[in-house]
Structure formats: structure tokens, C-alpha cells
Protein chains: 2
Amino acid sequence: MTASNSVLQSTYPWTKAPLIASAPMLNIALPPLAISVSEAGGLGFLAGGFDVSNLERNLEETTRLVRESKNTEIRNFHAETGILPMGVGFINWGADLEIAVAAIEKYKPCAVWFFAPRSQPDDLRAWAERVRAATDGRTKIWVQVGAVIEAVDVAEALRPDVLVVQGSDAGGHGLARSASVITLVPEVRDALHVNHATKDALPVILAAGGIVDGRGMAASLSLGSSGVVMGTRFLASSEATVARGYQAEVLRASDGGRNTVRSTVYDRVRGIGGWPERYDGRGVVNESYVDSVERGMDDEENRRLYQEEVKKGDDGWGPTGRMTTYAGTGVGLIKEALPVATILERVRCEATGLIRNLAGI
Amino acid sequence: MTASNSVLQSTYPWTKAPLIASAPMLNIALPPLAISVSEAGGLGFLAGGFDVSNLERNLEETTRLVRESKNTEIRNFHAETGILPMGVGFINWGADLEIAVAAIEKYKPCAVWFFAPRSQPDDLRAWAERVRAATDGRTKIWVQVGAVIEAVDVAEALRPDVLVVQGSDAGGHGLARSASVITLVPEVRDALHVNHATKDALPVILAAGGIVDGRGMAASLSLGSSGVVMGTRFLASSEATVARGYQAEVLRASDGGRNTVRSTVYDRVRGIGGWPERYDGRGVVNESYVDSVERGMDDEENRRLYQEEVKKGDDGWGPTGRMTTYAGTGVGLIKEALPVATILERVRCEATGLIRNLAGI
């Protein structure tokens, strides 16, 4: 299970194949989560988000954690190369390019992850060019896409190192109209092969959306990805910066296809208005959703009730609450919060065992 | 790749493991498709649909085709057991139990496939009981589900032989709110294991929804299924009873997450009003959808335009047409119409090769 992953492992030598990356979940993927994923042989991403005002502080903190890490591999990688063995994810419709580039130049994360520009891929051209110039190409370009046409356009325009191919099961934001990875990953792969003369120029494909265990990992590899990105799984990790109520709801929710929904209501009640129209977000069904969609409540009243709910703290989460629980359809497969190292070890081990078992060896 | 499939192969001895079944697609899965799938070592289903008035005629025709088949295995199976080596699928909210049971008793299909009763699982109790009695348990009970709770309830109430676990990528009808197989199949599997004392009592799980090639098959097996059901792939087969315009649209359409939608509009324009509210259907975006959803056209006008379009015949299909192209998100992976035998051989061969390759052997 290593041949197709040589590019990733030569770029990120502390990682194990197949690669597991953690999604740059807004407000949650902070230094403790990002470093723990990289320490466990994965690639951890910091959330840069759409408001990059905390970016420098988070990168500074991450750098300190790397220097103090007991993991000699990532500590030495940083000491020897000056490259931070973590990535940073941006929500490009809102993120400030100048602030981002200055921070990238200073801290040199090993990857940036672009997502949701107003215009895909045009608005990302300057980002890709400036980031490459800032660290002389050592910060690799990852771009998240959710449709075949996006993948082809982005590959052609930006020559990214990695495409994160996100299917409809993903939690949080993604394309409102999308296939799951079961068809999206193979079709993206085929389309890239048709559109590229040589295989060398192809970006690495990572699958995202609904992958929470070794079964999802093995499936993703079967579909043609070189690794996976997980988000929801890490919400229930010891190292995520997540409210206790949020994590409890992730552990409680089950039957994710039925009990999560794609909607814009969770942005509307929280007054987040910047997302381009093609996106919505998947979260566990709660009162905000039911009031909006089933009871026809207007946004103003729904938002007022949300603001009241915030005062309840952890008790505001849950099916009868109003705090947003962004999570993917795999939420029902997550039964306990675990240390990140355990999650990565189990996913890899289960995937390898499954594939060997299917092969009859 | 055979161990977990022994139950299916002992029940259906002409089939190869892992099992490939063809979905009972309304008006399309007629005797030529059903027999060709079984002749190729799969399990072909006839569409019984919600109006079973053609059922007896189709079973009679299928029986004749089996008796005349050049495939000695399925001919002998039928001659020796009296069991028809094909299944019949019903849309249970509309199908007449008495007519169905009489036909099943007479022709003895090897399986029935239940889908979309008004009340799940209650409305299926009589169906399961009567079918079992009609052929002394030799007609096996398959039930299609689209959520974990449905799977658990059906398994408990009906003790089906097979659960067809349908994910959100599927073409045609399914639960409007659903996960893809990437999370649904593992969560169903886990839930059944928790709810059953012994593994022997567990139904076999087949994955459906977005599976069109060996990659989808290998992924489904990784997720915990014992085989797959394909629908959309067989729309582009030589043996499907499908309009030329419909098949051409399946071959044309790509980027299925973007260019297909789940909607009830395709039922509404065709005047099909019986589906329980929890279902809609996935089809390629066309003028009926755009008029209804983006331009706010009322159903009456939309239906009138549909009826006009019918007169165009094959030219009525396509993105600017109004004839319905039910298809899954995997539609973009289908580039040519092929004989059923070639489809099954390629899917099996690709899946096996992929798994061996991932295992490094």
C-alpha cells in the first residue's frame, strides 16, 4: 500500500502511507490538533479560515509546539528545513491574501489548502503564485474541489500538488450539489488522466467526506485516492478545540444520512453571510433547521433564538438545541472520543487488514 | 474474495462471488436484461413495479428465455429446482399483493425485492409471510433500505435474506435524505451486529448507489458489503429495454454530482403521484427541473410541456429536453453501451485486480 504514495512521503517524510490529513475545521483545528496529527504520522492542518487575524498567533504557537515536540522526526524536519510540518487551510472568499502570505513567508507551513474562492479557479491564481514565491515552492498547494469540472479547471489553472476531492457526505461546508466520493473520486481521476499528457504532472488525489474509519480509508484507496482527509472523526478527538456540548452531540448522533442535513440555515442563524451561493454546510438536525425548513420561521427570529441559546453553553447543543453541530454523515460511526494517535493507528491498521483480507492473504 | 459470500453462492449456485445484481428498474429491467445478468453469473431482477399487470407476462417470457438459454447452469438450475434464476422487484406502495403472490407461486423467482412500502416495515410483513408460504421459503426476501433505522427495523421485523443498502448517489427513487454507501453500509453493518445475538441470523448486505465499475465494487466490499447492485450502469447495456434517447443521455452526461439532482419533479410532470413523501428520485438535470426549481413554473404547465415533449420521441431527452433521465451520480463514468456479460466481467476483473494491487500482491 505504498507505491502510489511516494510523492507525498518524499514531500512530507514524517508521514506514513497512505496519508491521513486532518481538515482545517474553523475554530477547531487549532495548534493542539494540528501538531498531534503530524506527530502521529499524518498531516495536520490549522484553520486559517476567512478571518485570518489569529493566523500569525496560531502559527507561532504551532512552531513552539514543534520545537518542543517529543517526536524527533517532526522536530528534526523543522530544524533542518525550516518548514513547519503542518498545513494551513484558508476559506478564500474571505481570507486576506497579504496577511496570509506574510505569515506563510515567516512560518513556512508545508502546505496551504485553498477552499471556496468566489470564483474558482480564477481567484486562486494570485494565491498560488504568491504562496509559491513566498517559500520558493516549499509550501505545497492543496485545493479542495467538489465537482469534476472544478478539479479539471483547478488542475489546469493552478497545477496544484494535491486535490482534496470532497464528496457530499462531508460535514461543514461543501458544494450544495455534489456526488459522494464513491463516484466523484473515480471520475475526477479519469478526467485528470484524459486532460494531462503525462502522469507526472497530475496532482495527488485525497478523498474527503464520510471517511471516519479503516473501511472508509480502504474504500477511498479502491476508488483511486492516495489517502484521505478526515474532519468529523477528529471532532471526537482529545486534541480538538471543541466545546464539550459539540463533542457530546457528535458522539450521540447516529444514522447520519437521516439525522444530518445540508443547509445554509446554520450560517444564517449565526450571521455568517459571505459564502458563495454554491455552498452550504452539513450539520446535525436541530431546532434552527426544523424551525426554518419545517415551520417556516423567518431568519430574524431564528437568529434571535440562536443568540439566546448561546447563553446556555454546552447545553445549547443537541437535537432540541440551537448550537450548530457541523458533522458529516459518518457521525454515527463515531462512538467515543479518542486521542489522535489512536485514531490514526486504528484507521491505518483496519484499512490494511481489510485489504489483505479481501485479497485473501 | 469468496469467504463472506458463501451464503449467496449456495442459494444462487450459478452466481460468481462477489455477487452483482441488476436493479429492478421500472420499464427497463425486462426479461432480456434480467436473463442476461443471470447468464453472466449475476442475479438479474425483473421490474414488477407498482402496477403489476405485466408481471405474469414478463415471468412467462423470462421462463421461456431460461428454458432456451445456452447457459447450461441456469437452464439446469431451473429444470432441477423449478426455481427461476431471476428475481422480481416490487414498489410496494402500489403493487397488488394477491396478483404478485399468485405469479410468484406459479413461476417461483429465486428472490423478491421489496421497496418503498407506505409504512416500513409494517406493510411488508404480509408480503414476506405470503411470499415465503407461496414457494415454501425458496423465494428469498430482499428488502431495499436507505437508512440505518430502516435496516434495523426491517431486519428485526422481517428477517430478510438480503438487505439492499441504497446510498444517496443512486439513480431513480430513494430516500430524499440519505447518506452515500461510504458511511451507510458500515453503519448498517455495525448496527445489525449490535442488534443480533448471532452472526448467522444476519441478512447479507449488498451495496447500491453510485457503483458502476470495479472501483465502486472494491470500495463496497471494503465498506462491508458482500456484493453490489447496479442500475445506471445497465441503462447503457445492450440488453436494457431503454429508449435510444434515454441511453444516449446516460452516455452524454458527466460530472454526476453536479448534473444530476434529487427531486420529485420528474414524478410530478409525469403524473405519478403515489410515492410516499420520504422518497424522491435522482435524474439528469433537464428543462422540467430548471423550469420548476429555478424559474418557479407551476406543475400544471410543466406537465403540459412534458406531454408535448413525449411526441418528440428520442429527441425529447437531453439537458434542454423534458423526458426524464433517471440516473445516478456515476453516470459520468459510463462512456459506452456494452453487453451485460462484458460489464459483469470487467467489474469483477477490475475489482479483483485493484484489491490485489492495494494488498501489494
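The values are calculated or read from the model by the stated rules, or taken from the named source; none is laboratory data. Predicted, not measured: the structure shown is a model, and the values here were computed from it. Backbone-built Cβ (ideal geometry, glycine too); neighbour counts: all protein chains shown.
Identify, from the list A:A236, A:A176, the residue that is within 20 Å of B:G328 (Cα to Cα) and touching a strand residue (DSSP E or B) at 6+ places or on another chain (Cβ under 9 Å).
A:A176
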Residues within the stretch B:312-334 that are outside any loop (DSSP other than H, G, I, E, B) and of a type in the set (F, W, Y), tallied: 1
Of all residues making up the stretch A:335-361, the number that are surrounded by 17 or more Cβ atoms within 10 Å (Cβ to Cβ), outside any helix (DSSP H, G or I) and facing chain B (nearest Cβ under 10 Å): 1
Helices (runs of 4 or more DSSP H) contained in the stretch A:216-289 and holding at least 3 residues more than 15 Å from the chain's Cα centre (by Cα) and in contact (Cβ under 8 Å) with a residue 24 or more places away in the chain: A:244-252, A:256-259, A:265-269
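Name the residue that is nearest to B:G257 (Cα to Cα), counting only residues in the stretch B:158-188 that are within 9 Å of chain A (Cβ to nearest Cβ) and among the polar types (S, T, N, Q). Even if it seems obvious, please write down each step before you answer.
First pass over the stretch B:158-188, keeping only residues within 9 Å of chain A (Cβ to nearest Cβ): B:167-169, B:175, B:177-187.
Within this subset, residues satisfying the condition of being among the polar types (S, T, N, Q) are B:168, B:178, B:180, B:183.
On the way: B:S168: 10, B:S178: 14, B:S180: 12, B:T183: 17 Å.
Selected residue: B:S168.
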Top-ranked residue of the stretch B:189-198 - restricted to ones that are farther than 18 Å from A:L354 by Cα and part of a helix (DSSP H, G or I), ranked as nearest to the other protein chains (Cβ to nearest Cβ): B:A191
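I'd like the full set of residues that are of a type outside the set (A, V, I, L, M) and touching a residue at least 40 places away in the same chain (Cβ under 8 Å), limited to the stretch A:54-83.
The initial filter retains those residues of the stretch A:54-83 that are of a type outside the set (A, V, I, L, M), namely A:54, A:56-58, A:60-64, A:67-73, A:75-78, A:80-82.
Residues satisfying the conditions are A:E56, A:E60, A:T62, A:T63, A:N71, A:E73, A:F77, A:T81.
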Every residue from the stretch B:214-225 that is surrounded by fewer than 24 Cβ atoms within 10 Å (Cβ to Cβ) and more than 7 Å from chain A (Cβ to nearest Cβ): B:G214
Condition check for A:A201: more than 8 Å from chain B (Cβ to nearest Cβ) and either of a type in the set (G, A, S) or more than 17 Å from A:A21 (Cα to Cα) (or both): yes
Any hit, the stretch B:134-150, residues being out of contact with any Leu (no Cβ under 9 Å at 6 or more places or on another chain), surrounded by fewer than 19 Cβ atoms within 10 Å (Cβ to Cβ) and under 25 Å from B:R262 (Cα atoms): yes
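Residue by residue, here is whether (1) more than 14 Å from chain A (Cβ to nearest Cβ); (2) among the hydroxyl-bearing types (S, T, Y); (3) more than 23 Å from B:V37 (Cα to Cα) holds:
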{"site": "B:L65", "(1), (2), (3)": "yes, no, no"}
{"site": "B:F90", "(1), (2), (3)": "yes, no, no"}
{"site": "B:E98", "(1), (2), (3)": "yes, no, yes"}
{"site": "B:A102", "(1), (2), (3)": "yes, no, yes"}
{"site": "B:D122", "(1), (2), (3)": "yes, no, yes"}
{"site": "B:E129", "(1), (2), (3)": "yes, no, yes"}
{"site": "B:R138", "(1), (2), (3)": "yes, no, no"}
{"site": "B:A147", "(1), (2), (3)": "no, no, yes"}
Per-region count, the stretch B:283-334, residues within 14 Å of another protein chain (Cβ to nearest Cβ) and touching a Phe, Trp or Tyr at 6+ places or on another chain (Cβ under 7 Å): 1
B:L206 under 30 Å from B:R138 (Cβ atoms) and either assigned to a helix (DSSP H, G or I) or facing chain A (nearest Cβ under 7 Å) (or both): no
Only one of A:S53, A:S36, A:S10 that is crowded, with 24+ Cβ neighbours inside 10 Å, among the hydroxyl-bearing types (S, T, Y) and assigned by TED's automatic domain parsing to the domain that holds A:Q144: A:S36
Residues (touching a Ser or Thr at 6+ places or on another chain (Cβ under 9 Å) and polar (S, T, N, Q)) located in the stretch B:58-80: B:S69, B:N71
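For A:P276, are the conditions met, namely being surrounded by fewer than 18 Cβ atoms within 10 Å (Cβ to Cβ), away from chain B (no Cβ under 14 Å) and closer than 25 Å to B:T183 by Cα?
Working: surrounded by fewer than 18 Cβ atoms within 10 Å (Cβ to Cβ): yes; away from chain B (no Cβ under 14 Å): yes; closer than 25 Å to B:T183 by Cα: no.
So A:P276 does not fit the description; no.
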Those residues of the stretch A:186-202 which are modelled with pLDDT of 85 or more and either of a type in the set (V, I, T) or surrounded by fewer than 24 Cβ atoms within 10 Å (Cβ to Cβ) (or both), in sequence order: A:V188, A:R189, A:D190, A:A191, A:L192, A:H193, A:V194, A:L202
